Amino acid sequence: MRTVTIALAAFVSAAAVTQRANQGDTSKIPGFIGNEVPPPKMNVPEGFTPIFNGKDLTGWHVSKTNHHGITPNYYVQHGMILGTQRPLGGGGILLTDKKYKNVEVYMEVRPDWGCDSGLFLRSDEAGDAYQVTLDYLPGGTLGGMYGEGLNGVNGAMNAYGTPERAAAEAQRASQQAQRGAQPQRPIAERLSERPDPNLPWVKAWKREEWNTVRARIERDVPHIQAWINDQPVLDFTDTANHAMGGITEGPIAIQIHGGPDRWVPGGFWRWRVIAVKELPR
């Protein structure tokens, strides 16, 4: 046993020496510029606490019950979260482990045109939530309000007295039917389309640059506001608390939309800052 231990230690030591030697070999390459550099420092506004650490997805997890998909590709690179469909057509959501009630969320984002995301507030594990839309694609809206799987938020299907889950599924089916009512060309063939320049979010948005998104949810009957680059784009007060199960707190989530008509092949969403300010309960 002692002989095996000594041999193993020698092997590990030799491997470490080899690794150091290989790392040192770059000094022999004329003009070598491939040394590691730190990512840019996060810009976190005063009063906010980052919930993404810039290094890994500690404090976050992927939903395994979301109808958009369960294998979205979220990973950290260069100090930011990158997200895309995996496989093509398969989306999903990345949820915080922690639940929040009254909260303001601050994000710095840079998506590729043709990719549909969303910011979920008071979500459940399946992704039924109040969604601030981040539909960055032809026909989409940034800063809208959408009841993701919620019955009644969108002013339709107020089938009170039916089981909430069944109502949510019916709502979801209706939403999908509405989206699919008109045949659409694949999103990759529509990238030359541009949104109406008179829309508030279009006026505020800086194309192909980093943008700030802030969203705030307060009260048991939700009052939700959103800003893009500090310009107000949403001020919504619900008629009742339509959150799944009547919850008044839940995880925050960021979405990769599923389906072939909501994502461009090779496209990404990028988040370099996600921070929160918890508000009085």
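The values are calculated or read from the model by the stated rules, or taken from the named source; none is laboratory data. What you see is a predicted model; the values in this text were computed from it and never measured. Glycine also receives a Cβ, built like all others from the backbone with ideal geometry; neighbour counts cover every protein chain displayed.
Just one of (1) in contact (Cβ under 8 Å) with a residue 60 or more places away in the chain; (2) in contact with a Gly (Cβ under 9 Å, 6 or more places away or on another chain); (3) acidic (Asp, Glu) fails for Glu193. It is (1).
When the range 27-44 is limited to residues that are modelled with pLDDT of 90 or more and polar (S, T, N, Q), the one that is farthest from Arg272 (Cα to Cα) turns out to be Asn35. Residues that are closer than 12 Å to Ile252 by Cβ and among the hydroxyl-bearing types (Ser, Thr, Tyr) within the range 108-142 comprise Ser123, Tyr130, listed in sequence order.
The set of residues in the range 201-230 being part of a helix (DSSP H, G or I) and within 30 Å of Ile247 (Cβ to Cβ) consists of Trp201 alone.
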